[in-house]
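Supplied in structure tokens, the structure appears directly below.
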Amino acid sequence: MSAANRGLRQATRSLRLHRCCPPSTLRPLSALKKAVSPVSVAATHRHSSFSTMASLQSASAAAPSPSSGKGYDQEVLDIASYVHNQKIDSELAFDTARWVFLDTLGCGLEALRFKECAKLLGPVVPGTTVPSGTKVPGTDFQLDPVNGAFNIGAMIRWLDYNDCWLAAEWGHPSDNLGAILAVADWVSRTNKAGQRKVAGGKIFTVRDVLEAMIKAHEIQGCLALLNSYNKVGLDHVVLVKVASTAVVSNMLGLSEKQTADAITHAWVDGQSLRTYRHTPNTMSRKSWAAGDACQRAVNLALKVLKGETGIPSVLSAPTWGFYDVLFKGKKFEFQRSYGSYVMENVLFKVSYPAEFHSQTAVEASEKIYAQLKTMGKSAADIKAVTCRTHEACVRIIDKQFKPMDNFADRDHCIQYMCSVMLVYGRLTAGDYPDGSEAATSPLVESLRKKIKCVEDPQFTADYHDPALRTISNGLTVELNDGTVLPEVVVEAPLGHRLRRSEAKPHILAKYKRHLEPHFSADKVRELVDLGQDAKTLEAMSVDEYVDLYVCKDSKFLEEQ
């Protein structure tokens, strides 16, 4: 076992002895808040047999006036209160947010090199430019903030290569930057132009954006800790829409009550089905689903800005509310009050553009590739591989015998990703498209079918442990000559909080690598240096910072 792995194991053992939230303490957020303040909470949700007339009579008797602010689901009020009233004073959260910000922008620029992404970007009507509109990094598009949110959101999620949050529900909280950056840029440019004032004339700084990111991360992440949306068939981008709606409502100058109204619309809005992420329908929509969520969030907030009212019991209304219609009658549970926990503990995807549950397996595969090379052997000598893993990995990306139909199938198949690493000693975004060397390799395909996943209950428990949050995988390789190599286990991926310091140089190198195809060496140096100067970066107005990413006549975009 390597010194790094021994150190990591010692750290995780120590953390296990100091678990901060044992299962017996998990309560709804309203209960947590009641312990420290006299906040009234919504009545406990009760099931009722399906009866249209009974439901209508109940609704008629109990429905509050939408303008009264009374009767709103506590879950909605908690989010609105957090966004408007919570001060973020964690420097760790701000430092982490800055790294997330740079990494996310870099991943968006890298996505422009892929035609399937680039073709979706730009104005709805070709040639349209919006004065004082949102600018899209890496392009010279200037769009309304709704479409700008889609463009930025689609770019940053396309390659599935930036931050990640894993819990009962997984997702990518940096997706919210699509909505946050679009609104901050548009508001700042509009107010500087002076023809009209929005959001009280606010000029957003990069630090304002980082604070909005921290809060969006927290909302999405806390809603995901104990509540599985995928188990009822819903895609995790519902949480992007809710979190983005909340933070951009505040950014647009809505009152706390109006923010609550906007959040209710995010919950009542049609929710995305996960079918585009799974057999037999896996396809590219999974790559722009977050952009769609950002677009909807900004649109809903703008509608409430114009006076649209809310839906007070959108979650709890018997028969017609979110809980009864889409969540099997269950209420959300919360592990903790909203603060800055999620940003502080978010996972960076540093080494490989791979679905996060496979990151440690791919890292283990890279170690095995090197070991085979020193033995004078290769992937062709492998008879079988056993992957000891956690339950979420088995449920999401275990596709041992499923045919690989497209890019989306390959980057969500642990067997494919490990096979590519074992065969070539690499895993890049270029290894996923149809026709690529890896996608057409008979050796990759045959090896993929030799990799079997087996759940380890301890790995699953550690995955959900709030003090650990590891994503462990262990690979055992058997060779054709009967030799069985010692199991290679990686518990926390590079980019985990336990390995954050180790990851930062790699995150910066990744950001620089993603800038280089788009800008001159001098501009790349300017952006990299600025990204490391937290004080100067955070003080910049958003529009001035985004202007640094404008790229006229990009060679990666078709004529719009």
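The values are calculated or read from the model by the stated rules, or taken from the named source; none is laboratory data. Owing to the predicted nature of the structure, the values given are computational and were not obtained by experimental measurement. Cβ sites come from the backbone with ideal geometry, for glycine too, and all protein chains shown count toward neighbours. Note: accessible area is taken over every heavy atom of the protein model, side chains too, but ligands, DNA and RNA are not part of it. Shrake-Rupley method; radii C 1.70, N 1.55, O 1.52, S 1.80 Å.
Taking 8 Å as the Cα distance limit and 6 or more residues as the minimum spacing, I'd like the relative contact order of the stretch 401-491 as a percentage.
18 percent
For Thr129 paired with Lys192, estimate the spin-label separation in nm (one decimal), with each label point 7 Å from Cα along the Cα-to-Cβ line.
Rounded to a tenth, the inter-label distance reads 1.6 nm.
Would you mind calculating the gained length between Thr428 and Asp553 on full extension (0.36 nm times residue separation, minus the Cα-Cα distance), in nm to one decimal?
42.4 nm
Oh, and also: Grab the beta carbon distance between Val484 and Lys449, set R0 = 22 Å, and tell me the FRET efficiency rounded to 0.05.
0.70
Which value, in Å² and to the nearest 10, is the accessible area of Arg207 when all protein chains are kept and the probe is 1.4 Å?
80 Å²
Would you give the gap between the C-alpha center of the stretch 262-298 and the C-alpha center of the stretch 99-143, rounded to a whole Å?
The stretch 262-298 and the stretch 99-143 have Cα centres spaced 19 Å from each other.
Compute the signed sum of charges (Lys and Arg +1, Asp and Glu -1) over the other residues within less than 11 Å, Cβ to Cβ, of Ala534.
My count for the surroundings of Ala534 gives -1.
Mind pulling the angle between the C-alpha long axis of helix 237-251 and the longest principal axis of the chain? Nearest 10 degrees, somewhere in 0 to 90.
Between helix and principal axis, roughly 50 degrees.
Taking the Cα centre of each part, how many Å lie between the stretch 373-408 and the stretch 453-479?
Using only Cα atoms, the two centres lie 15 Å from each other.
Also, I was wondering about something else. Run the reach check for Lys330 against lysines, Cα to Cα strictly under 19 Å, same-chain hits fewer than 8 apart removed. What comes back?
List returned: Lys231.
Would you mind classifying the stretch 271-378 by shape? Square roots of the alpha carbon gyration tensor eigenvalues, ordered a ≥ b ≥ c; an a/c under 1.5 is rounded, otherwise it is prolate if a/b is larger than b/c and oblate if not.
Since a/c reaches 1.5 and a/b is larger than b/c, the shape of the stretch 271-378 is classed as prolate.
Nearest 10 degrees is fine. How inclined is helix 500-515 to the longest principal axis of the chain, computing both from alpha carbons?
The helix 500-515 is inclined about 80 degrees to the chain.
Divide by every residue of the chain the summed helix terms, -39500 (n - 2.57) for each DSSP H run of at least 4, and state the resulting mean residue ellipticity at 222 nm, rounded to the nearest 500 deg cm²/dmol.
Mean residue ellipticity, 222 nm, calculated: -15000 deg cm²/dmol.
Need one value: the accessible area of Thr275 in square angstrom, 1.4 angstrom probe, rounded to the nearest 10.
Approximately 70 Å² for this residue.
What is the list of residues in the stretch 376-402 whose amide nitrogen lies under 15 Å from a point 7 angstrom out from the Cα of Thr279, following Cα to Cβ?
394-402
So which of Lys192/Lys552; Lys450/Lys504; Lys115/Lys523; Lys331/Lys504 end up more than 28 Å apart by C-alpha?
Among Lys192/Lys552; Lys450/Lys504; Lys115/Lys523; Lys331/Lys504, the Cα-Cα distance tops 28 Å for Lys450/Lys504; Lys331/Lys504.
Continuing with this model, one more query. Defining a contact as two alpha carbons under 8 Å apart and six or more residues distant in sequence, what relative contact order in percent does the chain show?
The normalised contact order for the chain reaches 20 percent.
Show Ser541, Ser501 ordered by accessible area, largest first, where the area counts protein heavy atoms only and the probe is 1.4 Å.
Ser501, Ser541
Could you compute the FRET efficiency for Ser436 and Gln458, with r as their C-beta to C-beta distance and R0 at 25 Å, rounded to 0.05?
0.10
Please give the solvent-accessible surface of Lys383 in Å², to the nearest 10, using a probe radius of 1.4 Å with every protein chain present.
110 Å²
Expressed in nm to one decimal, what extension gain is obtained for the pair Ser378 and Asp405 from 0.36 nm per residue of sequence separation less their Cα-Cα distance?
The Ser378-Asp405 span can extend by a further 7.1 nm.
Please report the relative contact order for the stretch 415-560, taking Cα pairs under 8 Å with a sequence separation of at least 6, and give it as a percent rounded to a whole number.
Relative contact order here is 10 percent.
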